[in-house]
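So the structure is just underneath, and the comments pick up after that.
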Amino acid sequence: MPTGRINQGEGIKEGAVREVQEETGINTEFVQVVGFRDGHNAPFGKSDLLFVCMLRSLSSNIVVQDTEISVAKWMAIEEFASQPKNQQSKLLKDMIGVCVANVNGQCEGFSGIGISSNSRKPSAFFCSALNSE
């Protein structure tokens, strides 16, 4: 589960795709935001928003960026979830639970819809469903 911070002026969708590519070499496309949490007392005394995104892989060859991570491999979600670090952290355990529920169709994520913004830069609005009628 690659993680990272988005760059100044970068959107959630682009940041998630870039972080996965940088850390693993895997090319992906954004599918949806599965969930998010707000946190406080983050670095520099700031508040922090963590977005968990679902991406679709467009490649499978892993190239580890060793300055960011030490190892990466493909594994079933059950194997990933059962790792001690993921079992010991309530946050990770809950995040993985939401991801599994999403994949199993038990909850719906938030798709990004392109919208205009006051800054004239592309922007996205995330919603759980868009009724086209």
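Values in this text are rule-based calculations from the coordinates and carry no lab data. Nothing here was measured: the structure is a model prediction, and the numbers come from that model. Positions of Cβ are backbone-derived with ideal geometry, glycine not excepted, and every protein chain shown enters the neighbour counts.
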Exercise for review: Obtain the nm distance between the two label points defined at M54 and I113 by a simple spin-label model: each point lies 7 Å from its Cα along the Cα-to-C-beta direction.
Suggested key: 1.8
Point to revise | Cα-Cα separations in the chain greater than 27 Å, expressed as whole percent | key: 23
Revision key, fill the gap. Here the equivalent ellipsoid of the range 1-67, derived from its Cα gyration tensor, has semi-axes (largest first, whole Å) of 23, 14, 10
Practice item. At 7 Å along the Cα-to-beta-carbon direction for both V64 and K85, put a label point, then send me their distance in nm to one decimal. Key: 1.1
Check your understanding: Build a GNM of the chain with springs between Cα atoms under 10 Å: which of E23, E68, E79 gets the top mean-square fluctuation?
Key -> E79
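For T3 and M75 in one chain, what is 0.36 nm times their gap in residues minus the Cα-Cα distance, to one decimal in nm?
24.2 nm
Can you figure out the FRET efficiency of V31 with L92, using R₀ = 25 Å and their beta-carbon distance, to the nearest 0.05?
0.75
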**Study point:** Nearest 10 degrees, 0 to 90: helix 12-24 Cα axis against the chain principal axis
**Key:** 30
**Study point:** Structure-based [θ]222 nm, the chain - -39500 (n - 2.57) summed over DSSP H runs of at least 4, per residue, nearest 500
**Key:** -8000 deg cm²/dmol
